[in-house]
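K.L.:
Dumping the structure here so I can ask a few things about it.
Rule-based calculations on the coordinates, nothing more; no lab input. Small disclaimer: the values here were computed from a predicted structure and weren't measured. Backbone-built Cβ (ideal geometry, glycine too); neighbour counts: all protein chains shown.
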Amino acid sequence: MSMPFYVAPEQVMKDRADYARKGIARGRSLVGMIGADGILIVAENSSNTLHKVSEIYDRIAFAGVGKYNEFDQLRIAGIRAADLKGFAYSREDVDARSLANNYAQMLGQVFTHEMKPMEVEILVAEIGDERHEDQLFHILYDGSVMDEHHFTVLGGESDSIAATVKADWSIEIDTPSALKLAVRALAGEDRVLGADDLEVAILDRGVDHRRKFRRILGEELESLLG
């Protein structure tokens, strides 16, 4: 009788993490940033139809990097969960913290029990009435959750991009300055990114109706890029 092939649990977890990180690194990065006007999310994405950044609920946005079909499944699941909670209780009960915890459980379950982990990192952002109420939750492929206070970078060369953003970010930064900073960080020293290379959205504190999410497109985007 042959003995089953044994692999140490630590090695299995390490191999899964390496596999997920390599898959995520092949994609383009994304920056989420809190500023004076709201929460700006800037992704390098040349597609007009496959969105990395989307609305989840009234004050909540979702963004993902890595394997598109996998983070889009998570986006759809988040919309359904938010709609169900808002319908069963009230719209004010839908919040980014509980949504981030749900995502963390889903990703952690897949990472621990499935053969292949999900090759994604996701961001759940919620805007408050005041800046100190804004929230950014960065969820990794293994279900780890990081509560970011000012900005966050997902995917790709995240360390170098984060260093560029950190050098010039301030709590008073306005939307045009935040956009230019994010684009400069995403492009690095050797490239130039134009409006056609970007997907930009904002949770806008200045919007006077319930839904705060809006996309920055076309002439508005080109004008802000200067």
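K.L.:
Can you give me the distance in nm between label points at Glu222 and Gln105, each placed 7 Å from the Cα along the Cα-to-Cβ direction?
P.N.:
It works out to 4.7 nm between the two label points.
K.L.:
At q = 0.11, 0.15, 0.16 Å⁻¹, what is the base-10 log of I(q)/I(0) for the chain according to the Debye formula with one equal point scatterer per Cα and no solvent? Please give it to two decimals.
P.N.:
-0.54, -0.96, -1.09
K.L.:
Let me ask another. I need the calculated FRET efficiency for the pair Tyr89 and Asp147, taking r as the beta carbon distance and R₀ as 41 Å, to the nearest 0.05.
P.N.:
0.95
K.L.:
Putting +1 on Lys and Arg Cβ atoms and -1 on Asp and Glu Cβ atoms, find which of Gln73, Val7, Leu123 reaches farthest to the positive end of the dipole of region 1-123.
P.N.:
Ranked along the dipole, the leading option is Val7.
K.L.:
If you don't mind, another one. For a test of the definition: using alpha carbon positions, the gyration tensor, and the 1.5 limit on a/c, classify region 36-97 as rounded, prolate or oblate. Intermediate values should be presented prior to the final figure.
P.N.:
Working: a/c = 2.87, a/b = 1.49, b/c = 1.93.
Note, shape of region 36-97 comes out oblate.
K.L.:
How far, in nm, would the chain grow between Ser170 and Asn69 when pulled straight, counting 0.36 nm per residue and subtracting the alpha carbon separation?
P.N.:
On the way: separation 101, 0.36 × 101 = 36.36 nm, distance 3.46 nm.
Roughly 32.9 nm would be gained on extension.
K.L.:
By the gyration tensor of its Cα atoms, with a ≥ b ≥ c the square roots of the eigenvalues, what is the shape of region 76-115: rounded for a/c under 1.5, prolate for a/b over b/c, or oblate?
P.N.:
Numbers: a/c = 3.91, a/b = 2.51, b/c = 1.56.
Prolate shape, in that a/c is at least 1.5 and a/b is the bigger ratio.
K.L.:
Now for a separate question. Please identify the DSSP H helices in the chain that span no less than 27 Å along the helix axis (Cα) and have a mean Kyte-Doolittle hydropathy of -1.0 or more.
P.N.:
Helices meeting the criterion: 68-88.
K.L.:
Still on this structure, please answer the following. Projected onto the charge dipole of the chain (+1 at Lys/Arg Cβ, -1 at Asp/Glu Cβ, origin at the Cα centre), which of Ala20, Val165, Ile216 gives the Cα projection farthest towards the positive end?
P.N.:
Ala20
K.L.:
Using 1/(1 + (r/R0)^6) with R0 = 25 angstrom and r between the beta carbons of Asp18 and Asp159, what's the FRET efficiency to the nearest 0.05?
P.N.:
Given R0 = 25 Å and the Cβ-Cβ separation, E is 0.90.
K.L.:
Taking 32 Å as the cut-off for C-alpha to C-alpha distance, list the pairs among Lys14/Lys212; Lys14/Lys85; Lys67/Lys166; Lys116/Lys180; Lys85/Lys166; Lys52/Lys166 that go past it.
P.N.:
Lys14/Lys212; Lys14/Lys85; Lys116/Lys180; Lys85/Lys166
K.L.:
What Kirkwood Rh does region 115-162 have if only Cα atoms enter the pairwise 1/r average? Answer in Å.
P.N.:
When all Cα pairs of region 115-162 are included, the Kirkwood radius is 12.0 Å.
K.L.:
Hey, got the dipole for the chain? About the Cα centre, +1 on K and R Cβ, -1 on D and E Cβ, debye to the nearest 20?
P.N.:
Magnitude of the dipole: close to 620 debye.
K.L.:
Looking at the chain as a GNM with Cα springs under 10 Å, which of Val110, Val192, Val120 has the largest mean-square fluctuation?
P.N.:
Val192
K.L.:
Hey, quick one: spin label on Asp208, modelled 7 Å out along Cα-Cβ, who in region 88-128 has an amide N within reach, i.e. under 20 Å?
P.N.:
Label zone hits: 128.
K.L.:
For Asp37, what residues show an amide H to amide H distance below 5 Å, using hydrogens built from the backbone and excluding near sequence neighbours?
P.N.:
Thr175
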